[in-house]
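I have placed the structure first, in the form of structure tokens, so that the comments after it can refer back to it.
Every number in this text was worked out from the coordinates using simple rules, so none of it is lab data. All figures in this text were calculated on a predicted structure; none of them were measured in a lab. Backbone-built Cβ (ideal geometry, glycine too); neighbour counts: all protein chains shown.
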Amino acid sequence: MIVTRFAPSPTGYLHLGHAFSAFNAWRRARAAGGRFLLRLEDIDPGRFRPEYGAAIQRDLDWLGLNWDEPIRVQSQHLKEYQTVLDGLAERGLVYSCFCTRADIAREIAASAGAPHGPDGAALYPGTCRSLASSERAERIAAGARFALRLDMQAALRSAPSYRALSYDEEGEGCIACRPERFGDVVLARKDAPASYHLCVTHDDAVQGVTLVSRGADLKPATDLHRLLQDLMGWPPPRYAHHRLLTDTAGRRLAKRDKAVTLDALRAEGVSARAIIEQFE
Ligand code: GLU
């Protein structure tokens with residue numbers, strides 16, 4: 001059975017781009033008699049507001065994009081993410097990182113030709129990777145805050161199918177993955193118990209998602225998601241990354257574009273049917 005999901009972060013009101021994303025996932029599931037799930041990715045304590053979670057449900061309801069219960073709310077599953085992190089730590093695949101943004105920027109500025117990740121930002125230079133365990137323990141005992149980073153090289157060595165890591169993208173076929181481009185990514189932040197990459201792959205597995213339908217902006221991250229799935233023994237879903245809606249100037253729609261929130265469109269008298277029709 002096909003299982004898809006819509007997984008917004010409740011950090012603002014849904015706009016047309018979200019509606020398009022939800023519609024794609026909903027349509028794929030409903031056309032095949034499958035399940036369409038809703039997941040609220042609310043693990044970023046600084047940006048999440050409960051009223052946005054409620055607004056998401058109201059907007060989907062209004063659009064007629066009915067989901068199958070239960071809704072998964074990530075903040076209610078922090079213990080599960082911690083268990084995954086503990087497992088990776090036991091296998092020596094994550095390490096504590098005490099660096100501040102300023103520390104990292106300094107290191108990168110000092111090292112000419114630092115490698116860059118898929119988003120164009122310089123990769124973490126690995127400063128804390130080689131800290132002695134006694135030093136780590138001392139810093140933690142002294143109350144230093146830390147993030148957990150994946151030791152990418154160790155992870156690649158221990159991933160069962162690293163050399164053949166790939167995913168099935170609808171319309172494109174098999175795409176080879178190069179997760180090493182991400183370097184030592186953060187899997188738990190200093191201020192958030194688990195990162196997007198960890199939670200999204202964990203939850204897709206737990207919810208039995210078979211087709212990840214989402215925006216093309218997340219396509220590069222799939223390389224990393226496949227590595228995490230491989231390390232954890234989670235079954236790989238198929239992927240269908242859809243185009244991103246843009247405004248008249250060709251810019252991608254964003255939460256800051258208040259005019260295209262579903263709330264604003266509804267207030268202007270635009271009907272749900274008119275919105276869905278333009279996606280069909
Ligand atoms: N929560 C993510 C976002 O709102 C989407 C996650 C996903 O579809 O993989 O951008």
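Numbers at a glance
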read-out: Beta bridge orientation in the range 155-280: antiparallel %, DSSP, nearest 5; value: 45 percent
read-out: Karplus-derived HN-Hα couplings along the range 237-249 (A = 6.51, B = -1.76, C = 1.60, θ = phi - 60°), whole Hz, x at Gly and Pro; value: x, 7, 10, 9, 8, 9, 4, 9, 6, 10, 7, 5, 8
read-out: Solitary cysteines of the chain, where the nearest other Cys Cβ is not under 4.7 Å; value: 99, 174, 177, 199
read-out: Overall form of the range 1-81 per C-alpha gyration tensor (a/c, 1.5; a/b vs b/c); value: oblate
read-out: Residues 211, 93 arranged by fewest to most Cβ contacts within 10 Å; value: 211, 93
read-out: For the chain, share of DSSP beta bridges that run antiparallel, in % to the nearest 5; value: 50 percent
read-out: Where labels lie 7 Å past Cα in the beta-carbon direction, separation of residue 161 and residue 58 in nm; value: 4.5 nm
read-out: ³J(HN,Hα) computed for each position of the range 151-161 - Karplus, 6.51 cos²θ - 1.76 cosθ + 1.60, integer Hz, glycine/proline x; value: 7, 4, 5, 5, 5, 4, 5, 9, 6, x, 10
read-out: 5 angstrom amide H check on residue 166, placed H, neighbours 5+ away; value: 177
read-out: Sequence-distant residues sharing a close amide H with residue 194 (under 5 Å, placed H); value: 189
read-out: Three-way shape call for the range 61-149 based on the alpha-carbon gyration tensor, with the a/c threshold at 1.5; value: oblate
read-out: Least to most buried among 36, 98 (fewest other Cβ within 10 Å first); value: 98, 36
read-out: Other-chain or far-sequence residues with amide H under 5 Å of residue 127's (modelled H); value: none
read-out: Degrees separating the helix 222-232 axis from the principal Cα axis of the chain, which is the longest one; value: 60 degrees
read-out: The chain: calculated mean residue ellipticity at 222 nm from DSSP helix runs of at least 4, using -39500 (n - 2.57); value: -11000 deg cm²/dmol
read-out: Computed label-point distance, nm, for sites residue 131 and residue 110 using a 7 Å Cα→Cβ extension; value: 1.6 nm
read-out: Length-normalised contact order of the range 86-149 in % [C-alpha pairs under 8 Å, at least 6 apart]; value: 49 percent
read-out: Ranking of 134, 96 by count of other Cβ atoms within 10 Å, fewest first; value: 134, 96
read-out: Rounded to whole Hz, the Karplus (6.51, -1.76, 1.60) HN-Hα couplings of the range 25-41, x for glycine and proline; value: 5, 4, 4, 4, 5, 5, 5, 9, x, x, 10, 10, 10, 10, 10, 9, 8
read-out: Prolate/oblate/rounded label for the range 179-234 (Cα gyration tensor, a/c 1.5); value: rounded
read-out: Distance in nm between pseudo-label sites at residue 277 and residue 90 (7 Å out along the Cβ direction from Cα); value: 5.7 nm
